[in-house]
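As structure tokens, the structure follows; a few thoughts come after it.
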Amino acid sequence: MTVPAQRTGDQPAAMSLRGLVKHFDTKLAVCGVSLEVPAGSFYGLLGPNGAGKTTTLSMAVGLLRPDAGQAIVLGRDVWADPAAAKARLGVLPDGVRLFDRLTGPELLAYQGLLRGMDAATVDQRARELLEVLELGAGNRTLVVDYSAGMKKKIGLACALLHGPRLLVLDEPFEAVDPVSAALIREILQRYVTGGGTVIFSSHVMEVVERLCSHVAIMSDGVLRMHGSLDKVRGDRSLEEVFVQVVGGRIATGSELAWL
Amino acid sequence: MAVTPAVSAWPFVRLKLRLTANGLRGRPARIVLFLTGVLFAGFLAVAGYATFAVPGVLGNERAAGMLLPLGGAAIVLGWLFLPLLFFGVDESLDPARFALLPLRRRTIVAGLFAASLAGLPALSTLAATAGMVDTTARLGGTGAALAELAGVVCGLPLCVAVSRSVTSAFATALRSRRSRDLAAILLALLAALLGPLQVVALAGAERADWNTVAAIADVVGWTPVGAPYSVGLDVAAGRAWAVPVKLVIVLAATGGLLTWWGTTLERAMLGAAGGTRPAGATAAADPVDRLLLPGLPRTRFGALVAREIRYWWRETRRRAALITFSVAGVFVPVSVAATGVSAGPMLLFVGALAALALANQFGYEGSAYAANVVTGVPGRAEIHSRATGHAVYVLPLLVVIAVVAGLVAGAPARIPGELGLLIAAYGAGLGLVLPLSVRTAYALPETTSPFAVPTGGGAAKGLLIFALMLGTVLVTVPLQLVAYFLGPVWLWIGLPAGIGYAAAAYLIGSGVAVDLLDRRMPELLAAVAPHR
């Protein structure tokens, strides 16, 4: 069933996960995930709710300490040399955890200075990002009062600000309106064209099918399939493959008759 | 489905007990905390019972006439102040969760009220005040005991109603910009109420002026706070007619408080008020200039400090902590100073209280702390910036406290020495609090009330505060001894000595905290993020 991981020539992987394991109390949330994300790829991590996508990505970026396994980002071990690995990463965490009592511009300035960038560069890039993402460089609304789509966009801006070579995005399209989603897609595509690597989690097939060069399918903490989109999909639609791999059920019609 | 069946308060009580039990399941640390809370509550109950039973055992009616109303009033006031200042409120039943259910306000108030009664503090209070029944039984026989029992049983709902209605009202008021200042003033007035109580206590203790105390006790016995606990004495003294009058006073007060709670509760259920800040664009300053405050370096450290300073004011929980501290910090030493006693010990208390606001500093942010973990902020920058952000607010306040207390006491020469003690206590408090804030961080519930603590967290918070106070006093003992023996010389060297002492304590404590944080960043994040 498993398609072997793709090795793209002699380029080193942008991210490589080796045997990541995580328990919560007695529950096994992630069970030995190994994954190579080739540099320059647009990688989609698919899976139903509770599959372990967020847990895996959290371990990959240094937010959650794995019980076993290794995460290597652009040649640096995230857990052995966190400072070097984190400096090369841009992350949009789950549920967009941000310091939301700051305004958008303040938040970007905070992130930039935290990354050790000089103030002039921070100002210039922050203004540009706020303009492109239609958040308004003069907006004085606190991020906590932003709409869901605006929160995703400001989170994305925070992840992009220091010009990382790898972006790790957890559910970047969840609860985003179609207009904002199109904008985010366009920015990400441009980023990959420019040589960056993106890995993001989602459970929306259309988005993944449209954007990604590679996909991985997770369920119950296990990586079920991974590889280039064409290999995983074969001659079927991605959705068919997904439902079959994950083993979902389809309502027969006899239940819920009262609906 | 338009008919809503009458819902009793019982399901709320069961829901609370169930939530408490589920919160403990499979979490040994929580169970230990809970058991400590049980022990603590049990100890208070036994100690309270013993204290209130003493006048009966001695057969001293006069002592009973003072202890019961005043002790009872102290308990009611304790229910008023302790949640605001220290313990927080157990909001395992968050009112906002009931907003979508077809329940009438009456039902919700009754339910939440009943659920609050089913808790350790309420049980402990009931057991402690039962000592009063013991006393009246010995002094006035069965009739008096029955009357006192009725009083004690009515007094408990009063305690709970006082605590819930006042915290809810302040939570509502502190949320909106407009009423925030008013709330601060009200809180100040409440704290000022502590003053007369202290005068009574000191008058009793120092001048042995028992007649004044007895007169005050008689008056307090007719107010809602003292009435429930003095009815048994009235029967014993042959004033049985007073019993129904006093019970009506208590019930009316409880009813009034519950009605008030109902109105603020409704606002709490609607959730936080939306941003009133104008969304319009203004002549845009550069983002970095907008974040940083004047005088801060344009570096990582500057950014961290600027964020902390903004958060102390913009985040409701932090703002509530800051306001309650400023109020308590100014009023407690001042009311002590007004009685002419040295404010020394109180100053240590205030200094430690200031540092206490950082005890769960990472819990305030919850999962937003992930942003700092992802950027890999080193522990040193994190800890020092947080302490700096807090000190920006606290140090000026400490100066104000020392000056006001010195002037009120009529001894301006003592001001520098007392400021030295205050700063030393603050520094020692920080030295103890900072490592704890990394090691014992816990997630705060995501509710609209800034006073809410997680289930069972009240006891934990109380114990932590107790331990920290004790620790601060112990750590500052050498300095106090020096201050005592040096006498007048302390007036001159007090301030530099205090600052030096604070700096040393801070450096040691923050060093430990930095090491801890560098090793435990992801674990800390997991501890403060509310999910899982």
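The values are calculated or read from the model by the stated rules, or taken from the named source; none is laboratory data. Remember, predicted model here, so these are calculated numbers, not experimental data. So basically every Cβ, Gly included, is an ideal-geometry build from the backbone, and we count neighbours across all protein chains shown.
Taking first residues from segment B:8-37 that are free of Cβ contacts under 8 Å to residues at least 40 places away in the same chain and partners that are assigned to a helix (DSSP H, G or I), the Cβ contacts under 6 Å between residues at least 6 apart in sequence or on separate chains come to B:31/B:24. For segment B:78-96, the criterion of a residue being over 23 Å from residue B:232 (Cα atoms), at pLDDT 85 or above and small (Gly, Ala, Ser) is satisfied by no position.
Do you know which residues across segment A:77-87 are among the charged types (D, E, K, R) and under 19 Å from the mean Cα position of the chain (by Cα)?
Here is the first cut: in segment A:77-87, the ones among the charged types (D, E, K, R) are A:77, A:81, A:86.
Listed by number, the residues that qualify are A:77, A:86.
Residues B:489, B:512: which one is closer than 30 Å to residue B:378 by Cα and in a helix (DSSP H, G or I)? It would help to see each step written out before you state the result.
Working: B:489 fails: closer than 30 Å to residue B:378 by Cα.
After ruling out the rest, the residue left standing is B:512.
Any residue at all in segment A:180-203 that's over 28 Å from residue A:243 (Cβ atoms), among the basic types (Lys, Arg) and touching a residue at least 24 places away in the same chain (Cβ under 8 Å)? Within segment A:180-203 (the criterion being over 28 Å from residue A:243 (Cβ atoms), among the basic types (Lys, Arg) and touching a residue at least 24 places away in the same chain (Cβ under 8 Å)), the answer is no, since none of the residues qualifies.
Being of a type outside the set (S, T, N, Q) and outside any loop (DSSP other than H, G, I, E, B) is not true of residue B:443. Apart from one condition, residue A:153 fits all of (1) closer than 20 Å to residue A:39 by Cα; (2) crowded, with 23+ Cβ neighbours inside 10 Å; (3) more than 14 Å from every other protein chain (Cβ to nearest Cβ); the exception is (1).
Can you name the residue in segment A:134-147 that is in contact with a Gly (Cβ under 9 Å, 6 or more places away or on another chain) and more than 8 Å from chain B (Cβ to nearest Cβ) and is also surrounded by the fewest Cβ atoms within 10 Å (Cβ to Cβ) among such residues? Filtering first and then ranking leaves A:135. Go through segment B:363-402 and report how many residues are at the interface with another protein chain (Cβ under 10 Å from one of its Cβ atoms) and more than 28 Å from the chain's Cα centre (by Cα). Final tally of qualifying residues: 10. When segment B:286-303 is filtered for residues that are at the interface with chain A (Cβ under 7 Å from one of its Cβ atoms) and farther than 21 Å from residue A:129 by Cα, only B:302 remains. Could you list, in sequence order, the residues of segment A:192-208 that are more than 14 Å from the chain's Cα centre (by Cα) and either of a type in the set (S, T, N, Q) or surrounded by fewer than 17 Cβ atoms within 10 Å (Cβ to Cβ) (or both)? Listed by number, the residues that qualify are A:193, A:194, A:195, A:206.
What residue, among those in segment A:76-128 that are closer than 19 Å to residue B:528 by Cβ and of a type in the set (A, V, I, L, M, F, W, C), is farthest from the other protein chains (Cβ to nearest Cβ)? Per the criteria, the residue is A:96. The criterion of at least 3 residues that are farther than 26 Å from residue B:370 by Cβ is met, among helices (runs of 4 or more DSSP H) falling completely within segment A:146-242, by A:178-193, A:205-211, A:229-233.
Here B:355, B:359, B:409, B:405 are screened, and the one residue that is small (Gly, Ala, Ser) and over 26 Å from the mean Cα position of the chain (by Cα) is B:409.
Answer with yes or no whether residue B:438 is at pLDDT below 90, within 26 Å of residue B:395 (Cβ to Cβ) and aliphatic (A, V, I, L, M). I'd like the intermediate steps shown before the answer.
Details: at pLDDT below 90: no; within 26 Å of residue B:395 (Cβ to Cβ): yes; aliphatic (A, V, I, L, M): yes.
Criteria not met by residue B:438.
All of A:50, A:32, A:75 fail the test of being within 23 Å of residue A:204 (Cβ to Cβ), at pLDDT below 95 and surrounded by fewer than 24 Cβ atoms within 10 Å (Cβ to Cβ), apart from A:50. Selection of segment B:475-487 for residues being in contact with a helix residue (DSSP H, G or I) (Cβ under 9 Å, 6 or more places away or on another chain) and exposed (fewer than 14 other Cβ atoms within 10 Å of the Cβ) yields B:478, B:484. Please work out if residue A:67 is within 20 Å of residue B:529 (Cβ to Cβ), among the charged types (D, E, K, R) and over 19 Å from the mean Cα position of the chain (by Cα). Answer is yes for this residue.
If a residue counts only when it is out of contact with any strand residue (DSSP E or B) (no Cβ under 9 Å at 6 or more places or on another chain) and more than 19 Å from residue B:310 (Cα to Cα), which helices (runs of 4 or more DSSP H) contained entirely in segment B:321-432 have at least 1 such residues?
On the way: elements: B:344-356, B:361-365, B:370-375, B:379-408.
Helices (runs of 4 or more DSSP H) meeting the threshold: B:344-356, B:370-375, B:379-408.
Residues that are buried (at least 18 other Cβ atoms within 10 Å of the Cβ), modelled with pLDDT of 85 or more, under 30 Å from residue A:55 (Cα atoms) and among the β-branched types (Val, Ile, Thr) occur at least once in segment B:513-527.
Return the residues of segment A:53-68 that are of a type in the set (Gly, Ala, Ser) and surrounded by 18 or more Cβ atoms within 10 Å (Cβ to Cβ); say none if nothing qualifies. Answer for segment A:53-68, where residues must be of a type in the set (Gly, Ala, Ser) and surrounded by 18 or more Cβ atoms within 10 Å (Cβ to Cβ): A:58, A:60, A:62.
Table: residues versus (1) under 26 Å from residue A:17 (Cα atoms); (2) of a type in the set (Lys, Arg); (3) surrounded by fewer than 17 Cβ atoms within 10 Å (Cβ to Cβ).
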residue: A:178; (1), (2), (3): no, no, yes
residue: A:190; (1), (2), (3): yes, yes, yes
residue: A:211; (1), (2), (3): yes, no, no
residue: A:217; (1), (2), (3): yes, no, no
residue: A:225; (1), (2), (3): yes, no, no
residue: A:228; (1), (2), (3): yes, no, no
residue: A:233; (1), (2), (3): yes, yes, no
residue: A:242; (1), (2), (3): yes, no, no
residue: A:247; (1), (2), (3): yes, no, yes
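Being outside any loop (DSSP other than H, G, I, E, B) and modelled with pLDDT of 80 or more, is that true of even one residue in segment B:451-464? Checked segment B:451-464: no residue is outside any loop (DSSP other than H, G, I, E, B) and modelled with pLDDT of 80 or more. Using the structure shown, decide if residue B:314 is modelled with pLDDT under 85 and within 14 Å of chain A (Cβ to nearest Cβ). It is true that residue B:314 is modelled with pLDDT under 85 and within 14 Å of chain A (Cβ to nearest Cβ).
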